[in-house]
Amino acid sequence: GITWGKVVSLYAVAAGLAVDCVRHAQPAMVHTIVDCLGEFVRKTLVTWLKRRGGWADITKCVVNTDPSLRSHWLVAAVCSFGHFLKTIFFVLLPER
């Protein structure tokens, strides 16, 4: 079944692939990764996300008893997603 961990992992893998594509001089592949991920989310995850109240529901699966905890999976996921967005930005920026 679908879980938040799997959703986060999917975005982390997509971000890693996008970064590798740029590093290997294949920036056009980033568009394919973004399109495929968007299509998968649209076809497969939208219903699941709606049933949980949207993306904000991810915060419910995180219980942080130590506010200084820096190595939590959610922190890693957000950082990976940030790298994904930066890659998208830098790939799309030259085209405009």
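The values are calculated or read from the model by the stated rules, or taken from the named source; none is laboratory data. These numbers were taken from a predicted model, which means no experiment stands behind them. Calculation scope for accessible area: heavy atoms of the full protein, side chains included, ligands and nucleic acids excluded. Shrake-Rupley method; radii C 1.70, N 1.55, O 1.52, S 1.80 Å.
Students sometimes get this wrong: rank Leu10, Leu37, Leu17 by accessible area, probe 1.4 Å, all chains present, largest first.
Output order, biggest surface exposure first: Leu17, Leu10, Leu37.
Determine the per residue accessible area of segment 1-63 with all protein chains present and a 1.4 angstrom probe, expressed in square angstrom. Don't jump to the answer; show the numbers that get you there.
Numbers: 4080 Å² over 63 residues.
Spelled out: the 1.4 Å probe surface of segment 1-63, per residue, equals 65 Å².
Students sometimes get this wrong: rank Arg23, Arg52, Arg42 by accessible area, probe 1.4 Å, all chains present, largest first.
Numbers: Arg23 180, Arg52 80, Arg42 145 Å².
From most accessible down to least: Arg23, Arg42, Arg52.
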